[in-house]
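The values are calculated or read from the model by the stated rules, or taken from the named source; none is laboratory data. Keep in mind it's a predicted model, so treat the numbers as computed, not measured. Cβ sites come from the backbone with ideal geometry, for glycine too, and all protein chains shown count toward neighbours.
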Amino acid sequence: VLLQSILERSGIPSVSISVLMEITRQVDPPRVLAVDRPLGFPLGEARNPEMQRAIMMEALGLLSRNNLPATRNFSS
Amino acid sequence: LNRSRYRDIGAGVTIRANVAKLSDLRLKHRAFIAAYPFHKVEWRPGTRLTIPLSQARVALVTTAGLYLPGQAPFRHSIRHDDCSYREIPANTAVATLRIGQSSDAFDHAGIEADRNLAFPLDRLREAVADGAIGSVAPHHFSIMGSIIATGALIDDSGPKIGRKMQDDGVDAALLVPV
C-alpha cells in the first residue's frame with residue numbers, strides 16, 4: 001500500500017483493496033476500498049468471478065474522486 | 001494517526017464474523033505489526049483519473065510475491081527484506097504464477113486455488129472485453145508484502161515501477177495487498 005503513494009507521485013492514480021483497515025490507515029494511502037473479507041481474500045472468494053469483478057470495479061470507481069483520501073466499503 | 005480523515009469509514013461499516021481484524025491475528029503477527037515501522041510517503045495533492053474508465057489503461061500490483069516459473073523467486077525472510085519486483089506480462093496464464101508470499105498471517109488456500117484473489121488479471125481482461133475498462137496494461141507488477149526496511153522500495157523499486165507504468169501509457173493502477 002506504501003507503493004500507492006509512490007505511484008501517485010509518479011502521476012499515476014491508484015487504488016488499493018484492504019481487508020485490514022487497521023493497518024491500511026497507518027500508511028495513509030490516497031484511495032482504498034475496504035472489503036469485509038478475511039485476510040488472504042481481498043477480491044472476495046476463490047472462483048467467484050462475479051464477486052471479484054464487483055470488488056475490482058468498485059475499487060476502480062474511486063479513481064475519479066476529487067476529494068482525497070477517498071475510502072469506500074464493500075460488503076459481500 | 002489521523003483517524004478523522006477516514007471518518008466516512010466509521011458508521012457505515014458492517015461488522016461480520018468474517019471481517020479481518022487485528023485481534024484475529026496470532027500473537028506473533030500482532031507483535032510484528034505493533035513493532036512495525038509504518039512509513040508514509042507524502043502523495044498530496046495527488047492526481048486523479050480524468051478520462052472514463054472505459055478508456056483507461058489499467059495495471060495491477062500485487063503484494064503476494066507472485067512470479068513466473070522462469071523468474072527468480074523472491075528471497076524474503078524476517079531478517080532479509082526483498083524489495084525487488086517482478087514484471088508480469090499481460091498475456092500470462094494466471095494459474096501458472098508461483099506464490100512467493102509465505103507469511104502464515106493469512107490463509108493461503110484462496111490464492112492457491114485462484115490467483116485472481118490477489119491478482120485479478122482474468123477479471124481485468126473480461127472487463128476490457130466487455131468495454132468497462134479501456135485496456136489491459138502490457139505489464140503488471142508483483143512485490144513482497146511485510147517489508148520492514150522499506151527504503152529500497154521507496155527509493156528504487158517504487159519509482160522504477162512508476163516509470164515503467166508511464167512508459168506503458170498506464171492511466172491507473174489497482175493494488176492488491178494480501
Handout entry: B:Ile99 being facing another protein chain (nearest Cβ under 9 Å) and within 26 Å of A:Met21 (Cβ to Cβ)
Key = no
Problem - Pick from the range B:124-154, criterion assigned to a loop (DSSP other than H, G, I, E, B) and of a type outside the set (Gly, Ala, Ser), ranking: farthest from the other protein chains (Cβ to nearest Cβ) - result: B:Pro138
Completion exercise
Filtering the range B:74-83 down to residues that are touching an Asp or Glu at 6+ places or on another chain (Cβ under 9 Å) and surrounded by fewer than 19 Cβ atoms within 10 Å (Cβ to Cβ) yields B:Arg75
Exercise for the section: Just need a number here: residues in the range B:93-124 that are among the small types (Gly, Ala, Ser) and without any contact (Cβ under 8 Å) to a residue 40 or more places away in the chain. Expected result: 6
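Here is a yes/no grid of residues against (1) modelled with pLDDT under 90; (2) within 7 Å of chain B (Cβ to nearest Cβ); (3) surrounded by 18 or more Cβ atoms within 10 Å (Cβ to Cβ):
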site	(1), (2), (3)
A:Val32	no, no, yes
A:Val35	no, no, yes
A:Ala54	no, no, no
A:Leu60	no, yes, yes
A:Ser76	yes, no, no
Exercise for the section: Can you confirm whether the range B:155-170 contains a residue that is within 7 Å of another protein chain (Cβ to nearest Cβ), in a helix (DSSP H, G or I) and polar (S, T, N, Q)? Expected result: yes
Exercise for the section: Kindly check whether there is at least one residue in the range B:9-16 that is at pLDDT 80 or above, facing chain A (nearest Cβ under 9 Å) and surrounded by fewer than 16 Cβ atoms within 10 Å (Cβ to Cβ). Expected result: no
Exercise for the section: Evaluate the following for B:His29: is it within 20 Å of the chain's Cα centre (by Cα), surrounded by 19 or more Cβ atoms within 10 Å (Cβ to Cβ), at pLDDT below 90 and over 20 Å from A:Asp28 (Cβ atoms)? Expected result: no
Completion exercise
From the option list B:Lys40, B:Lys21, single residue qualifying as more than 24 Å from B:Asn116 (Cα to Cα) and either at pLDDT 80 or above or under 21 Å from the mean Cα position of the chain (by Cα) (or both) is B:Lys40
Exercise for the section: Could you check A:Ala46 against (1) closer than 23 Å to B:Ser54 by Cα; (2) at pLDDT 95 or above; (3) in contact with a Leu (Cβ under 8 Å, 6 or more places away or on another chain); (4) of a type outside the set (Phe, Trp, Tyr) and say which number it fails? Expected result: (1)
Practice task
Consider B:Arg48 carefully, then state whether it is at the interface with another protein chain (Cβ under 10 Å from one of its Cβ atoms), crowded, with 19+ Cβ neighbours inside 10 Å and among the basic types (Lys, Arg).
Solution key: no
Practice task
Tell me which of these B:Arg115 doesn't satisfy, since it passes every other one: (1) buried (at least 16 other Cβ atoms within 10 Å of the Cβ); (2) within 7 Å of chain A (Cβ to nearest Cβ); (3) of a type outside the set (Gly, Ala, Ser).
Solution key: (2)
Problem - Residues of the range B:96-111 that turn out to be assigned to a helix (DSSP H, G or I) and either under 13 Å from the mean Cα position of the chain (by Cα) or closer than 15 Å to A:Asn48 by Cβ (or both), as a count - result: 3
Fill in the blank from the handout: Condition set among the aliphatic types (A, V, I, L, M) and exposed (fewer than 13 other Cβ atoms within 10 Å of the Cβ), scope the range B:84-112, selection nearest to B:Asp168 (Cα to Cα): answer is B:Ala93
Practice task
With the condition kept exactly as written, say whether any residue in the range B:51-68 is at pLDDT 95 or above and farther than 28 Å from A:Pro69 by Cβ.
Solution key: yes
